[in-house]
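Remarks on the structure that follows.
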Amino acid sequence: MPNIPKKIKSPCVKICKYDDDFMNGMVCIGCFREQYEIANWLRMNEKERDLTYIDIRDRKRRYRK
């Protein structure tokens, strides 16, 4: 049986909003991804997406403080 990579769901919540006071306005406060991560999500491999989710959790914590 071939090794089929798991599909990691996009964190997009269809609310694209930026806050200039949070991370220089470079992170969407809907999904908490950097613009680079949003633009390249479909090209990322599984490990890159996993790392992005770790960064998302950290950014959410910082934003909500």
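Assuming residue 21 fulfils every condition listed in (1) modelled with pLDDT under 95; (2) surrounded by 10 or more Cβ atoms within 10 Å (Cβ to Cβ) apart from one, which condition is it? The one condition residue 21 does not meet is (2). Going through (1) exposed (fewer than 14 other Cβ atoms within 10 Å of the Cβ); (2) outside any helix (DSSP H, G or I); (3) of a type outside the set (Val, Ile, Thr) one by one, residue 31 falls short only on (1).
Residues in region 8-18 that are of a type outside the set (A, V, I, L, M, F, W, C) and without any contact (Cβ under 8 Å) to a residue 24 or more places away in the chain were compared, and the one that is surrounded by the most Cβ atoms within 10 Å (Cβ to Cβ) is 18.
Determine if region 44-52 includes at least one residue that is of a type in the set (Val, Ile, Thr) and modelled with pLDDT of 95 or more. Within region 44-52, one or more residues are of a type in the set (Val, Ile, Thr) and modelled with pLDDT of 95 or more.
The values are calculated or read from the model by the stated rules, or taken from the named source; none is laboratory data. Here the structure is a predicted model, which is why all the values come from computation and not from measurement. Backbone-built Cβ (ideal geometry, glycine too); neighbour counts: all protein chains shown.
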